[in-house]
Structure formats: C-alpha cells, structure tokens
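The structure appears below as structure tokens.
The values are calculated or read from the model by the stated rules, or taken from the named source; none is laboratory data. Predicted, not measured: the structure shown is a model, and the values here were computed from it. Neighbour counts are summed over all protein chains in view; Cβ atoms, including those assigned to glycine, are modelled from backbone coordinates with ideal geometry.
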Amino acid sequence: MEDLATRLCWKLVNKEGYIAIWQKPLNNTCYVSRDEGIQPPLCDANDDPDDVWYVPLKACITQLPENGFGRNLTKWPERLHISPDRLEVAPVDAYVAKKELFVAEQNYNRFLVESYWHGLGWKRQHFRNVMDMRAGFGGFATALVDLRVDCWVMNVVPVSGPNTLPVIYDRGLIGVVHDWCEPFDTYPRTYDLLHASGLFSIEEKRCNIADILLEMDRIMRPGAHAYIRDTRAVIAKIEVVAKAIGWRTRTFDTEEGPYASRKVLGCEKM
C-alpha cells in the first residue's frame, strides 16, 4: 500500500497501528516529475474527468486543473453560499451570467423550502434521509442546511441535464449523477423524503413515468413523503399512477396561485 501511495504522489500525514491517513497533492509537480514508465500512468490529456456515466474505469491518474479549480475552496459553512470556481466551466446554458443563475437558484430554493416548511407542515415531520432528484447547483440542500433541518441530502444530477455535480461537491455537499430511466443504486426503504422539481416533464420524453414512480416507491420508507413540482398535465398523469401504487396524494397550488401552469403534488407512502 505504501508503495502504491508513493506512486500516486500521496503524502503520509499520520499512521497509527493499522490506520493511515494520506493526503492527495495540491498541484501537478509530483505527477510530472515521476520517472518515465512508472505505473499507474497519467491519463490522456483529452480524457474528461467529469464524464462519469457509462464510462469504463481507467487505471490512470487524472492531473489537477492548472487553473486551481476544485482546490481553492472557502471553509465550511461559508462555502455553501459562495459560487465556486468550477461554476464558470459548468455546462449550463443560460441567458444570464452563471453567478447570477447560481444566486437566483439559491434564492428560489430558500423560498421554496420555507414555504414547504411552514405551509406544508414539514416542521411537524421527522425526516432524516432526503433526496433531491433534480439537484441543479444544490440549492435545495443548502436551504435545508440554512433552516437547520437535522437531515442529510443526496443531490442527484440527472444525465438528461447539465453535469453540475462538481459545483455541488465544491459547496461541501454530496451527490451523484444518475439516469432516472434506470434503477437507483441503493437499498430499498432508504429515504424519508424525495423532492422532484421539474424532473418528470423532462424524463417523460425518455422513459415511462410509471417506472420512475415505482423506483421511488422502492427506495421510500413506509410513511415517507414525496413532493413533486411540475406542470399541471404532468402532475395529473403522476397522480393517477401514484394512487394506483397505493400512495396518499394531495395537490397544492404553487406560489403563483391557483391558475398557474405548475402544481405541487404531495405523496405519502402507506
């Protein structure tokens, strides 16, 4: 192990008994100074380390970005609210600057969570394991942290949208990339709360809504809740399937009022 760690340019920070702590380098100096032919090799320059879905594993070392992205991070919890450097290279199509989009998403999610907290009775519920099924920059999870909700959030970035996972990690949050047309890799009855904003109107073009709802049912605990925010037409389709599964459902107006194009569907697994 020590030989491999040395070849990986890891630095031994501390060792006690059978426990060792290693530190990854902060720059590429060690990587480029290794002897020729040493294993594992450096990855090709054209390899994209952020390309994570259906990409075979390679036994190579990815060099650190020369611009320092992913390294120059603010300390927790301030980093939650400061746009990270890697936001600038996030593959997001927007009519406004990415930093403005970052702030707008955060403000929107703060309003959203506060309305759920006070208006939909989240304050009276006790949930610990939470999933945001279309996480964006992680604004939903950040809003829960700001409200001091005692929970952890799995931020899921769908493959059908831009890969914002590096931004989520740099904010100090956790997450994964996932294709919602496939099963989610977790145990049954794992989550207390699932949140899906605008997910189904995108994924229904790729796969059957019922398949996604059945997967949600698999990973929800008995008594768990799902809150789905989407267009009226999509919500109507979802509610039919949700009732067939055996969920208790209730439709709510959004902040735009009763005649808005979007609704919120609250579901409880029985």
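Listed here are the residues, each with its yes/no results for (1) crowded, with 16+ Cβ neighbours inside 10 Å; (2) under 28 Å from Val159 (Cβ atoms).
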{"residue": "Pro91", "(1), (2)": "no, yes"}
{"residue": "Glu100", "(1), (2)": "no, yes"}
{"residue": "Gln106", "(1), (2)": "yes, yes"}
{"residue": "Trp117", "(1), (2)": "yes, no"}
{"residue": "His126", "(1), (2)": "no, no"}
{"residue": "Met131", "(1), (2)": "yes, yes"}
{"residue": "Gly136", "(1), (2)": "yes, yes"}
{"residue": "Phe140", "(1), (2)": "yes, yes"}
{"residue": "Arg148", "(1), (2)": "no, no"}
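Remark: Asp48 falls outside the filter, which requires a residue to be closer than 21 Å to Asp170 by Cα and in contact (Cβ under 8 Å) with a residue 40 or more places away in the chain. Among the residues making up the range 107-121, those that are in a helix (DSSP H, G or I) and not aromatic (Phe, Trp, Tyr) are Asn107, Asn109, Arg110, Leu112, Val113, Glu114, Ser115, His118, Gly119. Just give me the residues in the range 29-53 being closer than 27 Å to Val177 by Cα and of a type outside the set (A, V, I, L, M), in sequence order. Within the range 29-53, Pro40, Pro41, Cys43, Asp44, Asn46, Asp47, Asp48, Pro49, Asp50, Asp51, Trp53 qualify.
Please indicate, with yes or no, whether at least one residue in the range 101-108 is touching a Ser or Thr at 6+ places or on another chain (Cβ under 6 Å), closer than 29 Å to Glu255 by Cα and either in the same structural domain as Leu144 (by TED's automatic domain parsing) or free of Cβ contacts under 8 Å to residues at least 24 places away in the same chain (or both). Yes. Within the range 219-229, being surrounded by 15 or more Cβ atoms within 10 Å (Cβ to Cβ) and over 19 Å from the mean Cα position of the chain (by Cα) holds for Arg221, Ala224.
Scan the range 171-191 and report the pairs whose first residue is of a type in the set (A, V, I, L, M) and whose second residue is loosely packed, with under 15 Cβ neighbours inside 10 Å, with Cβ atoms within less than 9 Å and a gap of 6+ or a chain change. Correct list of pairs: Ile174/Trp152; Val176/Val52; Val176/Asp185; Val177/Val52; Val177/Trp53. Before we move on, is Pro49 in a loop (DSSP other than H, G, I, E, B), more than 19 Å from the chain's Cα centre (by Cα) and surrounded by 12 or more Cβ atoms within 10 Å (Cβ to Cβ)? Here the answer is no, as Pro49 does not meet what is asked. Quick check on my filter: what residues within the range 191-229 are among the charged types (D, E, K, R) and more than 24 Å from Pro162 (Cβ to Cβ)? Passing the criteria: Asp192, Asp217, Arg218, Arg221. Once the range 238-255 is narrowed to residues that are over 16 Å from Ser197 (Cα atoms) and of a type in the set (A, V, I, L, M), the residue that is surrounded by the most Cβ atoms within 10 Å (Cβ to Cβ) is Ala242. Selection of the range 114-136 for residues being in contact with a helix residue (DSSP H, G or I) (Cβ under 7 Å, 6 or more places away or on another chain) and at pLDDT below 95 yields Tyr116, Trp117, Trp122, Lys123. Is it the case that Met220 is modelled with pLDDT of 95 or more, under 25 Å from Leu112 (Cα atoms) and touching a Phe, Trp or Tyr at 6+ places or on another chain (Cβ under 7 Å)? So Met220 fits the description; yes.
Of all residues in the range 235-260, those that are in contact (Cβ under 8 Å) with a residue 12 or more places away in the chain and aromatic (Phe, Trp, Tyr) total 2. Residues in the range 242-270 that are among the aromatic types (Phe, Trp, Tyr) and touching a strand residue (DSSP E or B) at 6+ places or on another chain (Cβ under 7 Å): Trp247, Phe252.
The single residue among Ile202, Ile209, Ile235 that is in contact with a helix residue (DSSP H, G or I) (Cβ under 7 Å, 6 or more places away or on another chain) and either of a type in the set (Gly, Ala, Ser) or surrounded by 15 or more Cβ atoms within 10 Å (Cβ to Cβ) (or both) turns out to be Ile209. Taken together, Lys15, Lys58 contain a single residue that is assigned to a strand (DSSP E or B), exposed (fewer than 15 other Cβ atoms within 10 Å of the Cβ) and among the charged types (D, E, K, R), which is Lys15.
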